[in-house]
Amino acid sequence: MKKKFAIFSLSIALILGMILLSVGQQPMLLPGFNLTDLIDVNAASPSDGYVIIWDSATGKWIPASSGGGAGDVTGPGSSTDNAIATFNLATGKIIQQNHSVLISDTSVISGIVGPLGFTQNSDTITLSHDGTNAYFKTDDGNFVFQTDEGTNTDTIFDIKPKGTSNAVYFRLWDIDSEELQLFTAASRAKIRSSHTLGINDNALSDVYFFENAASGNNPSVHIYGYVTAGTSKRYIEFTMSDVNDEFLIQAENNANHEGITVSLPEANQAFRVRDSGAAVKFMVDNTGGIFPAGMKSGIDQANAGAAAGELYIDTDDGNTIKIGV
């Protein structure tokens, strides 16, 4: 004997706390069933506003908070693409659109209206703009700019102007409005100070100029001044000779420039040239006395009967030879 088995579809739905059983196209309502009667639902103690979510850890549907009150969350009738939605009021049921802040599909944030603050460890960093200047402020501590790229990696802090010909200024201010400027202009890097500029004023180390000079590199240091009476600007130059193995102190190559002056305002001051053994080979004292090698001092001049300022040579036999009066 052959047996025939009917093949049919079965679907179950929950309606008002009862099970709706559909066999084929004929639904049947089975009263008296709850969610907890299903073997893959664990909803023994639900609360108002809870929804059913799938818990992969237990392999069951469980109740969980919907994050707000019961019912749908409502919002505006239209919105701007990529705009951020925020809650309106404290009901957790109404959202609104922030019309300025956008997050693009590539995660670029735009439209933030400042000031913008970041708070960490009770201290705040604020970014703002007053229409003229941009401000980066902290209410405590110091600013530290550091790169974490690799090990022992140099940190480069770039400040660039808009365009190719404008100067770049880096200005430091103290509480007394004293200003230090570091800037580039006219193909030169410059340092300016509104007060006395001290270089390594704590004297803890030496100062080197042009330490890495190589063959053909003989840069110079220029010191400028303005001759008010002559209404002109002049300079003195310190450099190494590119021909001779000697250090040069040169006045500006100008016919109206009177050269280099050594001023000796005090009586005990003198201009001296010494050899490697510290012996004086040439000296000009405060009185104008000139003493080349082998000459006596001003006191010995008087003892020898020579007038102050006279040139003389003290010979080996004790006699004095005068050179001009």
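The values are calculated or read from the model by the stated rules, or taken from the named source; none is laboratory data. A quick note: this is a predicted structure, and the numbers were derived from the prediction, not measured. FYI the Cβ positions are ideal-geometry reconstructions off the backbone, even for glycines, and counts take in every protein chain you see.
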Please identify the pairs in which a residue from segment 237-256 that is closer than 16 Å to Phe210 by Cα has its Cβ atom under 9 Å from the Cβ atom of a residue that is modelled with pLDDT under 85 and in a loop (DSSP other than H, G, I, E, B), counting only partners at least 6 apart or on another chain.
Asp242/Gly216
Can you confirm whether segment 203-219 contains a residue that is surrounded by 11 or more Cβ atoms within 10 Å (Cβ to Cβ), touching a strand residue (DSSP E or B) at 6+ places or on another chain (Cβ under 6 Å) and not in a loop (DSSP other than H, G, I, E, B)?
no
Check whether at least one residue in segment 132-150 is polar (S, T, N, Q), within 15 Å of the chain's Cα centre (by Cα) and surrounded by 10 or more Cβ atoms within 10 Å (Cβ to Cβ), and report yes or no.
yes
Looking at Thr147, Thr184, Thr119, Thr126, which one is hydroxyl-bearing (Ser, Thr, Tyr) and assigned to a loop (DSSP other than H, G, I, E, B)?
Thr147
Has segment 291-305 got any residue that is part of a strand (DSSP E or B), hydrophobic (A, V, I, L, M, F, W, C) and at pLDDT 80 or above?
no
Return yes or no: is Asp176 more than 30 Å from Val262 (Cα to Cα), assigned to a loop (DSSP other than H, G, I, E, B) and touching a residue at least 12 places away in the same chain (Cβ under 8 Å)?
no
How many residues, within segment 232-274, are part of a strand (DSSP E or B) and not acidic (Asp, Glu)?
18
Taking segment 83-111 and keeping only residues that are small (Gly, Ala, Ser) and within 31 Å of the chain's Cα centre (by Cα), one is left with Ser100, Ser104, Ser107, Ser110, Gly111
